[in-house]
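Report on the structure given below.
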Amino acid sequence: MEKWIRLVGLELAVSIGIHAFEREGPQPYRLDIGLRLRNDYIVRRDTSAETVDYDLLRQRVKTHVQAKHFNLQETLMQDVLAICFSLDSRVMAVDVQTAKTAVYDDCQAVGLHYCMDRQDYDLEQMAHSVPS
């Protein structure tokens, strides 16, 4: 059995894009985030201390993506993955979808979809770390 926590349809105003019209100000942006939890994840006492804190997830993502300009959705996506994996060691995989919803008149959105497990994320981080 897989266990997921999902944050669906987080609507934000984000400064993102390389085109001049995208740099005029924040634009509507949507995020769907799924956290796959360890198989042994279970709550026993019905307390918030036992669960992965999705309030904290929402706040960290919101604060980060609204704090600066992103040229690329890929950069924003990498940052969201880092936030998700750093949130709680019980997060085993992350599934994130992004959507710039006001870019084109002839489609609802343009976005990315990444699904990554912790092992692949850790390997990618090691591959891109700067040796000291």
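Annotations
- Measuring only protein heavy atoms, the 1.4 Å probe finds Arg6 accessible over about 130 Å².
- Angle between the chain longest axis and helix 54-65 axis [Cα atoms, degrees, rounded to 10]: 30
- Vicinal HN-Hα couplings computed from phi for region 98-111 (Karplus, 6.51 cos²θ - 1.76 cosθ + 1.60; Hz; Gly/Pro x): 10, 8, 8, 9, 10, 7, 10, 6, 9, 8, 5, 6, 10, x
- Rg/Rh for the chain, where both radii come from Cα atoms and Rh is the Kirkwood radius: 1.01
- Between 0 and 90 degrees, the angle of helix 73-87 with respect to the longest Cα principal axis of the chain falls at about 20 degrees.
- FRET efficiency, Asp106 to Ala67 (Cβ-Cβ, R0 35 Å, nearest 0.05): 0.65
- Computed in the context of the full set of protein chains, the accessible area of the chain at 1.4 Å probe radius has 49% of its extent on carbon or sulfur.
- At a probe radius of 1.4 angstrom, the accessible area of the chain per residue rounds to 63 square angstrom.
- Degrees separating the helix 118-127 axis from the principal Cα axis of the chain, which is the longest one: 60
- Relative contact order computed over the chain (Cα-Cα under 8 Å; 6+ residues apart), in percent: 25
The values are calculated or read from the model by the stated rules, or taken from the named source; none is laboratory data. As the structure is a prediction and not an experimental result, all values here were calculated from the model. Using ideal geometry, Cβ is built from the backbone for each residue, glycine included, and neighbour counts are taken over all protein chains shown. All accessible areas refer to the heavy atoms of the entire protein, side chains included, with ligands and DNA or RNA removed. Shrake-Rupley method; radii C 1.70, N 1.55, O 1.52, S 1.80 Å.
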